[in-house]
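Read through the structure below, which is laid out as structure tokens, and then see the notes.
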Amino acid sequence: MVEYDRDALIALIQRDALQYGEFVLASGKLASYYLDCRKVTLNGDGARWIGAGILQLLGDPLPDAVGGMAIGADPVTAAVITVASVNGRALRGFIVRKESKGHGTGRVVEGPVRPGDRVIMVEDVVTTGGSALQAIEHAEAFGLRVEGVIGVVDRLEGGAEAFARRGITLRTLLTVRDLGVPIG
């Protein structure tokens with residue numbers, strides 16, 4: 001049984017993923033710190049703790065699948081479905097492309113999901129929620145029933161409110177406050 005270790009995840013993020021300086025975020029916002037969560041989601045221990053933590057938040061019954069916008073959500077999705085399997089629970093994953101590929105099936109939503117499936121979108125870092133909202137639009141257009149969003153870290157910069165305006169709840173393992181980032 002793989003279990004969530006919140007304190008160890010915080011320490012890993014603080015050590016490997018949190019940087020201070022001047023940064024431009026994907027949302028276009030300027031920030032005094034940056035969270036490079038790929039340094040944690042692509043770390044074996046980080047993936048284990050993230051997968052276990054999100055699986056815990058999912059509770060019972062599990063949705064049919066979890067997934068999100070490529071590429072940030074890909075390792076999060078992989079961690080969750082792997083930990084679910086190790087823990088003896090069935091859960092599928094999917095990927096949402098930013099745009100359809102020009103060959104093969106040309107699908108925007110990839111993976112073993114079908115229209116009507118109940119899904120939770122996953123995200124590494126939530127700032128404004130823009131990329132997850134775009135992924136939600138694609139997932140819903142495919143026919144998936146989006147029941148919520150779970151992120152690893154919420155920067156507390158409007159993402160939860162943006163989801164709420166769409167009637168979607170955001171839950172996260174951590175917020176920047178948990179990481180000791182000064183908010184102001």
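Any read-out appearing in this document is the output of simple, stated calculations on the displayed coordinates, not a laboratory observation. Because the structure is a prediction, the values reported are computed rather than measured. With ideal geometry, Cβ positions are generated from the backbone for all residues, glycine too; neighbour counts draw on all protein chains shown.
Observations, loosely collected:
- Against the rule of thumb 2.2 N^0.38 Å, how large the Cα Rg of the chain comes out: 0.98
- Gaussian network model of the chain, springs between alpha carbon atoms under 10 Å - residue of 21, 158, 67 with greatest fluctuation: 21
- Fully extended contour minus Cα-Cα distance, from residue 118 to residue 56, at 0.36 nm per residue: 20.6 nm
- Look at 118, 155, 48, 177 and count the other Cβ atoms within 10 Å of each Cβ; fewest to most, that gives 177, 118, 48, 155.
- Selected from 78, 141, 162 as most flexible by GNM, with the chain as the system and alpha-carbon contacts under 10 Å: 141
- Per-residue [θ]222 nm for the chain (sum of -39500 (n - 2.57) over DSSP H runs n ≥ 4, rounded to 500): -10000 deg cm²/dmol
- Whole-Hz ³J(HN,Hα) from phi, Karplus 6.51 cos²θ - 1.76 cosθ + 1.60, for region 81-91, glycine and proline x: 5, 5, 5, 4, 5, 4, 8, x, 10, 7, 7
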